[in-house]
């Protein structure tokens, strides 16, 4: 099999079908994900071990091959000859090669096109602070962050540094200066890159993911010292996000991080992608805005009350997740069945629909 030709064909199918992901596996047929559903490409022959080795040889750099050999898995970005860009992960399962490829759209869409709330624009105009976009894998966190960074790029003369593993959206400088740094290629790790930011005259920092206490601590410190910091976490709700950040530190450091977070946090935006009745996916979301009441809850170890504050603070711009789902159901955008499936509190949602 001509691996270059099959890769060209698969990329073409991903684009044509509007797929978000492509899965390749040894002894299996390729599979794409469209609107959240997996679809096997049964007309394409199963890929052999030699096929997967050859495809991997096309996708990985020399450094990537060495890391995969050492760690048995690795993250990387791949740009196809036609310009399509993918965020990828290669791993082993029963000693067989598997590759997951997420398509990164070429165009960075604005809030309106992505069906995101306009209030997100208020956070990009802040001079300093810490803003998080959270949710499970594959719900559009990177896309939302890219939209926020691009909005700044179009409007403000700022120095933006992104730290990612790997780089996903590639920004073209408009008004802003943008430096994009890839972990393992441009810097050894997130923490090292964040420490360097203090000497690089950055105004805005985007951290692709906060994976360890050192990265979180440095990011919060950056937000306290005059930087506007954006990042993501794999958490489900705003309250859970605050707890995850604090619990990642030893008990002796938790009081300090509580105080820092209460003072520097701007907001937490949690999102999911819900199947749309007319096809495709639509975001439902929760937005926490850090006000005096929220800051006090964080300082006083009462984060379990954050959800109640969100529910009763819509006049301040906060958005309750169930209310977001109910609006989509009443507007005929998503089914009640799917709304209940994604709700973190179905009983409350039932009263709203």
Is it fair to say residue 148 is more than 17 Å from the chain's Cα centre (by Cα), outside any loop (DSSP other than H, G, I, E, B), in the same structural domain as residue 222 (by TED's automatic domain parsing) and in contact (Cβ under 8 Å) with a residue 12 or more places away in the chain? no
Assigned by TED's automatic domain parsing to the domain that holds residue 241 and part of a strand (DSSP E or B), is that true of residue 180? yes
Among the residues in the stretch 269-291, are any part of a helix (DSSP H, G or I) and either outside the structural domain of residue 144 (by TED's automatic domain parsing) or modelled with pLDDT of 95 or more (or both)? no
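Mind checking which helices (runs of 4 or more DSSP H) fall wholly inside the stretch 308-353 and carry at least 1 residues that are in contact with a strand residue (DSSP E or B) (Cβ under 9 Å, 6 or more places away or on another chain)?
Working: elements: 321-330, 336-342, 346-352.
Correct list: 321-330, 336-342.
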Suppose we filter 177, 108, 163 for residues that are out of contact with any helix residue (DSSP H, G or I) (no Cβ under 7 Å at 6 or more places or on another chain) and modelled with pLDDT of 95 or more; which single one remains? 177
Selection within the stretch 322-353 - within 17 Å of residue 276 (Cβ to Cβ) and either in the same structural domain as residue 290 (by TED's automatic domain parsing) or out of contact with any helix residue (DSSP H, G or I) (no Cβ under 8 Å at 6 or more places or on another chain) (or both): 324, 327, 330, 331, 332, 333, 337, 338, 341
Of all residues in the stretch 287-311, count the ones that are surrounded by fewer than 18 Cβ atoms within 10 Å (Cβ to Cβ) and closer than 20 Å to residue 247 by Cβ. 8
Tally, over the stretch 312-322, of residues that are over 16 Å from residue 241 (Cβ atoms) and either surrounded by 18 or more Cβ atoms within 10 Å (Cβ to Cβ) or free of Cβ contacts under 8 Å to residues at least 12 places away in the same chain (or both): 5
Any chance you could count how many residues in the stretch 20-40 are in contact with a helix residue (DSSP H, G or I) (Cβ under 7 Å, 6 or more places away or on another chain) and closer than 16 Å to residue 99 by Cα? 5
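Given the stretch 54-119, what strands (runs of 3 or more DSSP E) lie entirely inside it while holding 2 or more residues that are more than 21 Å from residue 18 (Cβ to Cβ) and under 18 Å from the mean Cα position of the chain (by Cα)?
The strands (runs of 3 or more DSSP E) meeting that bar are 73-79.
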Can you give me the number of residues within the stretch 186-234 that are farther than 17 Å from residue 266 by Cα, in contact (Cβ under 8 Å) with a residue 40 or more places away in the chain and in contact with a helix residue (DSSP H, G or I) (Cβ under 7 Å, 6 or more places away or on another chain)? 0
Which of the residues belonging to the stretch 191-216 are closer than 17 Å to residue 131 by Cβ and outside any strand (DSSP E or B)? 194, 197, 202, 203, 208, 209, 210, 215, 216
For the stretch 199-215, give me each residue that is modelled with pLDDT under 95 and either over 30 Å from residue 259 (Cα atoms) or surrounded by 15 or more Cβ atoms within 10 Å (Cβ to Cβ) (or both). 208, 209, 210, 211, 213, 214, 215
Looking at (1) farther than 18 Å from residue 321 by Cα; (2) crowded, with 17+ Cβ neighbours inside 10 Å, find the lone condition where residue 135 falls short. (1)
When the stretch 158-185 is examined, which residues are found to be touching a residue at least 40 places away in the same chain (Cβ under 8 Å) and surrounded by fewer than 20 Cβ atoms within 10 Å (Cβ to Cβ)? 158, 159, 170, 171, 182, 184, 185
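The values are calculated or read from the model by the stated rules, or taken from the named source; none is laboratory data. Since the model is a prediction, treat every value here as computed from it, not as a measurement. Backbone-built Cβ (ideal geometry, glycine too); neighbour counts: all protein chains shown.
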